[in-house]
Amino acid sequence: MNPAEAATLHARAFPAEEAWGPDAIALMLEMPGAFGVLRPGIGFVLARVAADEAEILTLAVVPEARRTGQGGALLAAAMAGALARGAAAMFLEVSERNLAARALYAAAGFGEIGRRRRYYPDGADALVLRRGLNEARQSS
């Protein structure tokens, strides 16, 4: 994955104060167990696997490609990649205010297991979500 291309997509998908630059993305990709899926011009997902747990680090879809199934496809690719790398469960954090992302994750079978108070720069709480990867209900 090209960190510069991913950073451009991230900047288009997130508010300026939350956007990751190419150096941050490159550092994420260098972490043990990290992997990414890039759809040029559309979006990308970064995830990592440690032991039998996986974590979505970020999922970005540019505004004009939202509500077209791209986020679900990226999420499914991350879950498949994590499962192939030995993960049994996937975790992620999402802003309580990001209703579209919350709907995407709920449709994919993620459930809330915790909350990080005032986690985001705008003061919003982060909801900690989890989904088993061996469950019969897989997102596509």
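Observations on the model:
- Rounded, prolate or oblate (a/c below 1.5 giving rounded, otherwise prolate when a/b exceeds b/c) for the chain by Cα gyration tensor: rounded
- Relative contact order (%) - the stretch 3-132, alpha-carbon pairs under 8 angstrom, separation at least six: 19
- Calculated mean residue ellipticity at 222 nm for the chain: -9500 deg cm²/dmol, from DSSP H runs with n ≥ 4 weighted as -39500 (n - 2.57), summed, divided by the residue count and rounded to 500.
Laboratory data are not the source of any read-out in this text; all were calculated from the coordinates shown. Please read all numbers here as calculations on a predicted model, not as lab measurements.
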